[in-house]
1. Quick one: of 235/285; 202/429; 296/429; 9/101, which pairs are farther than 25 Å apart, Cα to Cα?
2. Full-extension gain between residue 10 and residue 364, please, as 0.36 nm times their residue separation minus the C-alpha to C-alpha distance.
3. Across the Cα atoms of the chain, what radius of gyration and what greatest pairwise Cα-Cα distance (Dmax) are found, in Å?
4. Which FRET efficiency, nearest 0.05, do residue 90 and residue 164 yield, Cβ-Cβ r, R0 56 Å?
5. How far, in nm, would the chain grow between residue 194 and residue 296 when pulled straight, counting 0.36 nm per residue and subtracting the alpha carbon separation?
6. Amide H to amide H, which residues 5 or more places from residue 21 or on other chains are under 5 Å from it, using H placed in the peptide plane?
7. So, in nm, how far is label residue 52 from label residue 264 when the simple model puts each one 7 Å beyond its Cα toward the Cβ?
8. Report, to the nearest whole %, how much of the accessible area of the stretch 1-65 belongs to carbon and sulfur atoms, 1.4 Å probe, protein only.
Amino acid sequence: MNNSIKIAKKWMNEADAVLITASNGFSISEGLNLFANDQKLKEVLGELQDKYHFQNLLSVFGFKFPNELEQWRAYARIIEFYSINYESSDLMQNLKRMIDKRPYFVWTSNVDHHFDLAGLENNLEVEGNWLEGVCSQDKDHEVVDLKNILHQIYTKDQSGQLTESDIPKCSECGSSLKLNLPGDFFQMNQKKVTKFSDFLQKYQDKNLLVLELGIGPRNEMIKAPSMQLVAGNGKSHFITINKGELYIPDVIAERSIGFSTSIDTAFQELLTGKNLGGQIQGPAKPKPKPTPEQQKKEDETIKLFYPSYMVDRSIRPGELTMYLTVDSKHPSHFHLLQEGQPWMYSLGNSAIAHCFTKDGQYYQVKLGLDKTKGQVHGFYFDAGTFIAFEDAEDNGAGFSQISAGLASNGDTRIMIPKVDKLIEAFPKKKKLISRLSIPD
């Protein structure tokens, strides 16, 4: 156990860069529990809790209030308590000590804006933050900084002077504002998306440490793609901290260590190199790799069933979601998986999926969030469909990220079609196929 702590500390000290991923568990460790029904709920909401009987803080944001004034009273009380009055916690200060002067980026689904408020400004808040407002009628209108507005609402509410004229409005059209959280008018910070993309491109092939804080094993938004990142880079390492529930797939187990303890205890162990009683898992011992003879036999067997294809191997573990990032200069290539597959838009620009079916049909799907442009958030394609993706370059993000579900019982092999065979089947799409195919 002590050896695992020393190894984890060594990984941290020797990392070229650190990617910090964080979810609800980190917020809970700082005292913000969106799921708790406790005395603090009453302390924050006051008589609104007696009036509406909220189950927890999270339920407030999905609640149908009788009017907007009541809604903003509740929002302002929560955000005043947890964000406007936020002071950087000991936990956050220890995190900054561990990062030291290394390049870093924070990737979080938390909406409390704590990382930014604590000075860790290299961050991407993929589910927005509740200190921002967006127009409820037009997604093209500017995002509004609500910090001062929310504080004024809170102050007037406490003094009994709050009126409907204090409800936040869009300065461009006069419509009501909504908090910039997932929904029809949610706006991702594209400047931060671009910075995050630049960070990944710079360090994805270097000695990158992924430090995961309070993310449950079923989290597909951040946990899955960050593990994919580690799986694809043999130089990288993965440290996960999640009390009571660790998940480390076999494909990265040799380069992973898990702390099943509080984040505070794990941080102290990483800073001091001393065991403070936490439960620690990993790193796993290396497994023997297939011999060249075994590999050759396996490849020959697959070619008997797919004579028109050459075989490439996915580095992505089959029990996880596969994440794909494409840009204008690097579209994905046509491929065919053995199983049918669902694809979902993640972030960035919308993406164009070019699909060729086994019955000779071609169609396009635009993956994105703007339904007015014919985009869909997700779709499913059947086994036997060839598919390739490219960035639609429609909002300046510089890339598109999409994800696919892989069958848990599959072997994650990706079948790459021979270009001449695909053109022979679809001669009218020769130019498209040539552009998006890997040369034989």
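The values are calculated or read from the model by the stated rules, or taken from the named source; none is laboratory data. Because the structure is predicted, anything quoted here is derived from the model rather than measured. Positions of Cβ are generated from backbone atoms using ideal geometry, with glycine treated the same way; all protein chains shown enter the neighbour counts. The area values use the complete protein model at the heavy-atom level, side chains included, leaving out ligands, DNA and RNA. Shrake-Rupley method; radii C 1.70, N 1.55, O 1.52, S 1.80 Å.
1. 202/429; 296/429
2. 122.6 nm is the gain from fully extending residue 10 to residue 364.
3. Radius of gyration, then largest Cα-Cα span, for the chain: 24.4, 80 Å.
4. 0.85
5. Between residue 194 and residue 296, full extension yields 32.6 nm more.
6. For residue 21, whose amide H was placed from the backbone, the distant partners under 5 Å are 107, 211, 212, 213.
7. Those two pseudo-labels are separated by 3.1 nm.
8. 50 percent
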